[in-house]
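A.B. asks: Have a look at the structure that comes next, please.
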Amino acid sequence: MVSRVIPVETFDLVIFGGTGDLARRKILPGLYRRFCSGQMPSDARIIGAARSDFGTSEFRDLVRDAIHEFSEKNDCDECNIEEFLAQLDYVTIDAKGEGGWSELKAMMRNDVVKAFYFSVAPSLFGAIAERLHMNGISDADSRIVVEKPFGRDLVTAKALNGDLAAHFDETQIYRIDHYLGKETVQNLMAVRFGNILFEPLWNAQYIDHIQITVAETVGVGGRGEYYDRAGAMRDMVQNHLMQLLCLIAMEPPSKYDPDAVRDEKLKVIRALEPIAPHHIVRGQYDATETEQSYRDDAGDPKSRTESYIALRCQIANWRWANTPIYIRTGKKLKARASEIAVVFKETPHSIFGEEAGTHANVLRIRLQPNEGMTLQVTIKEPGPGGMRLVDVPLDMSFADALGDEDDVPDAYERLIMDVIRGNQTLFMRGDEVEAAWAWTDPLINGWTARNDVPKLYDVGSAGPDDAALMLKRENRAWREIKE
Ligand code: BG6
C-alpha cells in the first residue's frame with residue numbers, strides 16, 4: 001500500500017544548533033526524506049543557525065555529508081539532494097548575544113509558516129525565545145520546537161516552561177518526545193479506539209498485567225557525561241516510557257484532538273501511585289572480558305547512576321485497580337527490542353481439565369524492530385490424541401500489511417511535519433511534563449537518600465536478577481527480550 005502524501009504549507013524553518021549532532025543525524029536527513037516524498041514544498045526554506053562561522057555553501061556541504069552518513073533509506077537520488085540543498089540557508093548566530101539576529105530577521109518571510117527548532121542545550125531555550133520575540137522575528141502564529149531533556153526535575157522543568165511562556169503561548173510550543181512519532185505508538189491509539197474488540201476487555205477485570213519494555217544493546221557511548229547525571233529514569237522513563245504508559249492506560253478521548261488526548265494522558269500521570277522501594281530495581285552493566293563496564297563508560301568508578309531500571313507501577317483508578325504495569329528499560333541488554341505486552345487473565349474456568357494447562361491471551365505491540373502486533377490465542381493442537389491446547393500468534397506485521405517499511409516516515413520526519421501543520425497531538429503539553437516530574441522526583445530523591453547502589457548485570461543479559469525476582473514474587477515473569 002503506497003502511503004498518501006499531502007504536501008504541507010510552505011514554511012521557513014530555522015534550526016538552532018543546525019550543525020549539531022541531532023540536526024545532522026535526525027532532523028536534516030528527515031527533512032530530506034520529506035522533500036523526496038513530495039511533502040516539502042519547493043519554496044519552503046530551512047535555515048541553519050549556529051555559532052560556527054559558516055557560509056551557506058559550507059552548511060550545504062555539511063548537510064550533504066550528513067544525509068550520506070545518516071540517511072538509512074537510499075531511495076533518494078543525487079539530483080534530489082542538490083535540489084533539496086538549494087532550499088537551505090545559514091546564519092551565524094550568538095544565542096546569548098546580539099550577533100546574527102538582524103540577519104536572521106532579514107531572511108524570514110512574512111506570509112509563511114515560521115517554525116524555530118531549538119536543537120540546543122536547554123540552558124539556551126530562554127535566551128533564544130527572548131531574542132526571537134524581542135527582535136520581532138517570531139509572531140503570534142510562529143511555532144517553537146524543543147527537545148528533551150526538558151528539565152532534570154520539577155523545579156527546572158517549571159523554570160523552562162516559564163522561560164518559554166514569557167514569549168510564546170502554549171499553543172505555539174511543541175515539546176518533542178520522539179517516541180510519540182513512532183508508527184506503532186500511534187497505532188496503539190488506532191487499535192484501542194478504532195476497534196470495538198479491545199475496549200470492553202481493556203480493564204482490571206480482564207487484564208492481569210501489562211509489561212512495557214524498551215531494551216537497547218547500545219551503551220552510553222560518548223554521552224557518558226550527560227547520561228551519568230541523568231540515568232535511565234530521567235533519560236527514558238520520565239518521558240518515553242511514561243508516554244507509552246499513558247497511551248496504553250488512558251481513557252478514550254472524546255476526539256483525536258491535541259487537548260482532548262493530552263487531557264486524558266495527564267489524568268493517567270496524576271493517578272500514578274508512588275512506588276515502594278521493593279518495586280524499584282536499578283541496575284548497572286558490568287564489565288566482561290570484551291566489554292567495558294558502565295562505570296568505565298561514564299568515567300566515574302564510583303557512579304551510582306542506573307543504566308537499567310524496572311518499576312512496578314500502579315494506576316489508582318477504577319480501570320486499573322490492582323493491575324500492575326511493569327516497565328523496564330536498559331542499555332547493553334541482550335537485544336534491541338521494544339514492546340508492550342498486554343497479558344490478559346486466564347479463562348475463569350477450564351472445561352479442558354488440568355492437563356490442558358493454563359493459557360492467557362497476550363496482545364503484543366512491537367515498537368521496534370519489526371514493528372507489528374500479535375495476539376496470542378489458544379487453539380487445539382492439531383492431530384489426534386485428545387484435546388491438547390497450544391498458544392499461537394495471530395500475526396500482523398506492518399511490513400506485510402502495509403508494504404515497504406521504508407515508506408514509513410521515521411519519528412522525526414512525522415513530528416516536524418506536524419509542527420508545520422500546526423498539530424500538537426503528538427507533543428507534550430507543559431502540564432504533562434511537570435506532572436511526569438512530580439511523580440519521578442520523589443522516586444529519585446528516595447533512592448538517593450537511601451544511598452541505593454544499582455545491582456550489577458552482565459552486558460548482553462536481560463538485566464539484574466532482582467528484576468526477575470520482583471515479578472516472580474507475584475507469580476509472573478518478564479517476557480523474553482529478543483529481536
Ligand atoms: C533518547 C535517549 O531519548 O532515546 C537515548 O536519550 C536512547 O539514551 C534513545 O538511546 C532511544 O531511542 P530509540 O528511538 O532508538 O528507541
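Coordinate-derived values only; no laboratory data. Please read these numbers as outputs of a predicted model, since none were measured by experiment. Heads up, the Cβs are rebuilt from the backbone with ideal geometry, glycines too, and the neighbour counts pull from every protein chain shown.
A.B. asks: Condition (residue is in contact with a strand residue (DSSP E or B) (Cβ under 9 Å, 6 or more places away or on another chain), away from the ligand (no atom under 16 Å from the Cβ), acidic (Asp, Glu) and part of a strand (DSSP E or B)) applied to segment 322-342: is it met by at least one residue?
C.D. replies: No, segment 322-342 contains no residue that is in contact with a strand residue (DSSP E or B) (Cβ under 9 Å, 6 or more places away or on another chain), away from the ligand (no atom under 16 Å from the Cβ), acidic (Asp, Glu) and part of a strand (DSSP E or B).
A.B. asks: Here's another thing I want to ask about it. Within segment 353-453, which helices (runs of 4 or more DSSP H) (wholly inside it) include 1 or more residues that are in contact with a Lys or Arg (Cβ under 7 Å, 6 or more places away or on another chain) and among the basic types (Lys, Arg)? Spell out the reasoning first.
C.D. replies: On the way: elements: 398-402, 411-421, 430-449.
No helices (runs of 4 or more DSSP H) qualify here.
A.B. asks: Let me ask something additional. Under 6 Å between Cβ atoms, which residue pairs at least 6 apart in sequence (or on different chains) link something in segment 422-449 that is under 30 Å from Val8 (Cβ atoms) with a partner that is aromatic (Phe, Trp, Tyr) and surrounded by fewer than 16 Cβ atoms within 10 Å (Cβ to Cβ)?
C.D. replies: Taking only residues 6 or more apart or on different chains, not a single pair turns up.
A.B. asks: Of Arg175, Arg143, which residue is farther than 15 Å from Ala49 by Cα, charged (D, E, K, R), buried (at least 20 other Cβ atoms within 10 Å of the Cβ) and away from the ligand (no atom under 16 Å from the Cβ)? First the steps, then the outcome.
C.D. replies: Details: Arg175 fails: away from the ligand (no atom under 16 Å from the Cβ).
It is Arg143.
A.B. asks: Do any residues in segment 220-236 that are free of Cβ contacts under 8 Å to residues at least 24 places away in the same chain have Cβ atoms under 8 Å from those of residues that are near the ligand (Cβ under 8 Å from one of its atoms), where the two are at least six apart or on different chains, and which pairs are they?
C.D. replies: Here the result reads none, with nothing in segment 220-236 linked to a residue that is near the ligand (Cβ under 8 Å from one of its atoms).
A.B. asks: Before we move on, is Ala159 in a helix (DSSP H, G or I) and either of a type in the set (Asp, Glu) or within 30 Å of Arg229 (Cα to Cα) (or both)? Write out each step before concluding.
C.D. replies: Details: in a helix (DSSP H, G or I): yes; either of a type in the set (Asp, Glu) or within 30 Å of Arg229 (Cα to Cα) (or both): yes.
When the stated conditions are applied, Ala159 passes them.
A.B. asks: Another question about this same structure. Output the number of the condition that Val185 fails; it satisfies all remaining conditions of (1) among the aliphatic types (A, V, I, L, M); (2) within 16 Å of the ligand (Cβ to nearest atom); (3) more than 26 Å from Gln314 (Cβ to Cβ).
C.D. replies: (3)
A.B. asks: Listed residues Asp257, Asp228; which is surrounded by fewer than 21 Cβ atoms within 10 Å (Cβ to Cβ) and either among the polar types (S, T, N, Q) or away from the ligand (no atom under 16 Å from the Cβ) (or both)?
C.D. replies: Details: Asp228 fails: either among the polar types (S, T, N, Q) or away from the ligand (no atom under 16 Å from the Cβ) (or both).
Among Asp257, Asp228, only Asp257 is surrounded by fewer than 21 Cβ atoms within 10 Å (Cβ to Cβ) and either among the polar types (S, T, N, Q) or away from the ligand (no atom under 16 Å from the Cβ) (or both).
A.B. asks: With respect to Lys105, is the statement that it is touching an Asp or Glu at 6+ places or on another chain (Cβ under 7 Å), away from the ligand (no atom under 16 Å from the Cβ), among the basic types (Lys, Arg) and part of a helix (DSSP H, G or I) true? Full working, then the answer.
C.D. replies: Working: touching an Asp or Glu at 6+ places or on another chain (Cβ under 7 Å): no; away from the ligand (no atom under 16 Å from the Cβ): yes; among the basic types (Lys, Arg): yes; part of a helix (DSSP H, G or I): yes.
No, not satisfied.
A.B. asks: Just to be sure, is Ala129 outside any loop (DSSP other than H, G, I, E, B), more than 24 Å from the chain's Cα centre (by Cα), away from the ligand (no atom under 16 Å from the Cβ) and at negative phi? Reasoning before the result, please.
C.D. replies: Values: outside any loop (DSSP other than H, G, I, E, B): yes; more than 24 Å from the chain's Cα centre (by Cα): yes; away from the ligand (no atom under 16 Å from the Cβ): yes; at negative phi: yes.
So Ala129 fits the description; yes.
A.B. asks: Just wondering, is there one or more residues in segment 287-304 that are away from the ligand (no atom under 16 Å from the Cβ), β-branched (Val, Ile, Thr) and touching a residue at least 12 places away in the same chain (Cβ under 8 Å)?
C.D. replies: Within segment 287-304 (the criterion being away from the ligand (no atom under 16 Å from the Cβ), β-branched (Val, Ile, Thr) and touching a residue at least 12 places away in the same chain (Cβ under 8 Å)), the answer is yes, since at least one residue qualifies.
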